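Below: one structure, written as structure tokens.
Quick note: the coordinates plus some simple rules give every number you see, no bench work behind them. Here the structure is a predicted model, which is why all the values come from computation and not from measurement. Here the Cβ positions follow ideal geometry from the backbone for every residue, glycine too, while neighbour counts run over all protein chains shown.
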Amino acid sequence: MRVIAGEFRSRQLQAPRGTATRPTSDKLRETLFNVLGARVAGANFIDLYAGSGAVGIEAISRGAEFCWFAEKAAPAAAAIRANLRALKIAGGYAIEDRGVARLLSGLVKSARVVNVVFLDPPYEAVEEYARTMGFLGEHAAEVLAQDAVVVAEHARKAELVERYGELMRYRVLEQGDAALSFYKRVSESASQQVSE
């Protein structure tokens, strides 16, 4: 596993020990960042269920202004810290090792807005997708910039719903057994038109 582009291009990353974590493949990460393109530079970025932190580190490498990592599994949180240390990344990030809900509720209270959210729960944890996407959709105005993008990695055969509150899916990319669903905020008037 390696950083694909940017300041830390080609640097190796370590994965957490054990089989509990399924890192996003280099190829899928490259696809994700090709789609996100220029919106990463200068962005506030969130890597939820971060595992090794590879996605958030890729965002930092490509110029994200700040990255929040949420990962409550101790071996994975340790891998994130080790990867950041190995790359000598001293600032511009925060690690929440008490879980996704703690990070997101903290952001609501802090009134900091985010440009890109990436989430990659265990594929079988259907309730995690529903809970996290539901929270983001319900609190979109408090947490997400108007042009923010939320991307969920999931099993190709386990399609996510089209709408979570103010979040509407606009694109799905499939690669092998994995898929990326892209969501953006919709205004209240657009939401009413969609439901009519």
- Note on the structure: Among Tyr183, Tyr123, the single one that is farther than 23 Å from Phe66 by Cβ and within 17 Å of the chain's Cα centre (by Cα) is Tyr123
- Note on the structure: Condition set touching a helix residue (DSSP H, G or I) at 6+ places or on another chain (Cβ under 7 Å) and either under 11 Å from Phe118 (Cβ atoms) or of a type in the set (A, V, I, L, M, F, W, C) (or both), scope the range 54-83, selection surrounded by the fewest Cβ atoms within 10 Å (Cβ to Cβ): answer is Trp68
- Query: Just wondering, is there one or more residues in the range 19-28 that are surrounded by 16 or more Cβ atoms within 10 Å (Cβ to Cβ), part of a helix (DSSP H, G or I) and charged (D, E, K, R)?
  - Reply: no
- Note on the structure: Subset of the range 84-99, residues surrounded by fewer than 17 Cβ atoms within 10 Å (Cβ to Cβ) and not in a loop (DSSP other than H, G, I, E, B), comes to Arg85, Ala86, Ala94
- Can you pull out the residues in the range 127-165 that are touching a His at 6+ places or on another chain (Cβ under 9 Å) and over 27 Å from Glu30 (Cβ atoms)? Gly165
